[in-house]
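Data first, discussion second: the structure below is written as structure tokens.
The values are calculated or read from the model by the stated rules, or taken from the named source; none is laboratory data. Since we're looking at a predicted model, the values are computed, not measured. Here the Cβ positions follow ideal geometry from the backbone for every residue, glycine too, while neighbour counts run over all protein chains shown.
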Amino acid sequence: MPATKVKKDEDFNEWYNEIVELADLCDKRYPIKGMNVWRPYGWTLMTNVDSLIRDEMHKTGHSEVMFPLLIPESLFKKEEEHIEGFGKEVFWVTHAGLTQLEERWLLRPTSETAMYPIFSLWIRSHTDLPLKMYQIVNTFRYETKQTRAFIRVREIHFFEAHTCHVDFQDAERQIQEDKEIADRLLQKLCLPYIFNKRPEWDKFAGAYYTISIDVLMPSGRTLQLGSIHQYKDNFAKPYEISYETQDGKRAYAHQTTYGMSERILGAIVGIHGDNKGLILPPAIAPLQVVIIPIIFKGKETAVLDACRTLHSRLQSAGIRSHVDDRETTPGNKYYDWELKGVPLRIEIGPRDLDKQALTLVRRDSGEKKTMPLSNAEDGVRAELDAVAAALYTKAEKLLNENMHRVCSVEEAKETQGIITMPWCGTKDCALEIENVLEGNTLGEPIESPRCTETCPVCGQKAEKWMRFARSY
Ligand code: ZN
């Protein structure tokens, strides 16, 4: 029985809106639009994603910090492009109690302007570099477009890494590391992605260049999960982040940032889920296995004992499990856990016990198999790996089937998904394609070969490929 009123392949956006609440991820009834309440299940899921990010940060020598939420207007205004880019999106604090503030404060939309004045105090010498910091905090942006849970919100659960380096080359090495971090993380979340170098007119305000991390949602629209920015010394100059070089001169630091948000959760819900509910990647599922006792009269104790023993064994093996011993039918229990996206379900009844076996059902495929209770830990672990591999493969198929190389405007009109076209390098031609597609310029594929075609809009020689898509 489907959990949602709307089917995923009939109206993806409606299905998505329904499922995030049905599966207990968030409550959208809070009276500020775009500021949703995280429910316990959703928050556990989000913090599990954060844990994977923290692991990656610590492995790569980043330290976690926590900067204040409020930023004085004067600090915010130091980098001109930055203020131009974010100025319209910030929330202002004008009063403290009854007193009007002499200088307005703003709620961070991102933390460059809070961190960099302090970095300039922390960094003195080349021996202080590289400086690699990150924080996971809430940021605030006044979204005027239609809000959508985890995808377009006004209070954002945000990961931001900020690094300072001796020179451009060292900052470039950081960007390479950031790409590798993204790759390892998104593999674990079963999310195939593409990197795109954003066009000049759409890069992060103040950046030298921006690389976006985009995924394809089943609606055919792309969703930007994060971005990696090379700042060169664009922020270091106004914020005076300089250091003494080895030969006693002063030089400006070169900086990078790397940001991701709860959109990761939006992608997991949207890409993997189905009409029965969520399907969670085992790496972040709050529960990886749910054990359901199949009770028959007279065998209650034996079955429940077996379930509980198995549960403790799985827990000891580091597998997140739960025994659902509520007094309701197995059918109701299946329905609830399918909705919540638990990757594996184990059923144990008297017949299984006679054979010293268990029945295991995969959430993604519905595949059912029996396996011996004796080495359940290994069996469960192998099945969790199989679920993760299958989720990745399915999502990769969706991405690959919806990426098209197109060389004429007419062809582009007929094509869905992500379109790669020859591009002469002018903004006008890209905007023309955006118009035709009612979409966005995603950016240049960073791994693609040189283009030898002509620009389909102006007919000039095209040296680059450019990707376009409709986006969230
Ligand atoms: Zn052109």
| Residue in the stretch 179-186 that is in a loop (DSSP other than H, G, I, E, B) and of a type outside the set (S, T, N, Q) present | no
| message | Tell me the residue from 285, 267 that is in contact (Cβ under 8 Å) with a residue 60 or more places away in the chain and out of contact with any strand residue (DSSP E or B) (no Cβ under 8 Å at 6 or more places or on another chain), please. | response | 285
| Among the residues of the stretch 147-158, is there at least one that is among the hydrophobic types (A, V, I, L, M, F, W, C), more than 19 Å from residue 60 (Cβ to Cβ) and surrounded by fewer than 20 Cβ atoms within 10 Å (Cβ to Cβ)? | no
| said: Going residue by residue through the stretch 203-216, is there one that turns out to be touching a strand residue (DSSP E or B) at 6+ places or on another chain (Cβ under 7 Å), hydroxyl-bearing (Ser, Thr, Tyr), more than 24 Å from residue 106 (Cβ to Cβ) and touching a residue at least 40 places away in the same chain (Cβ under 8 Å)? | reply: yes
| task | Just name the residue that is surrounded by the fewest Cβ atoms within 10 Å (Cβ to Cβ) out of those in the stretch 414-427 that are away from the ligand (no atom under 14 Å from the Cβ) and touching a residue at least 12 places away in the same chain (Cβ under 8 Å). | result | 416
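Select, from 1, 46, the only residue that is more than 26 Å from residue 206 (Cα to Cα), modelled with pLDDT of 95 or more and hydrophobic (A, V, I, L, M, F, W, C).
46
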| remark: If we ask which residues in the stretch 391-413 are within 16 Å of the ligand (Cβ to nearest atom) and among the hydrophobic types (A, V, I, L, M, F, W, C), their number turns out to be 4
| query | charged (D, E, K, R), more than 21 Å from residue 447 (Cβ to Cβ) and outside any helix (DSSP H, G or I), is that true of residue 247? | reply | yes
| message | Considering only residues that are surrounded by fewer than 18 Cβ atoms within 10 Å (Cβ to Cβ), more than 10 Å from the ligand (Cβ to nearest atom) and closer than 19 Å to residue 199 by Cα, which ones fall in the stretch 428-462? | response | 431, 434, 435, 436, 438, 446, 447, 448, 449, 450
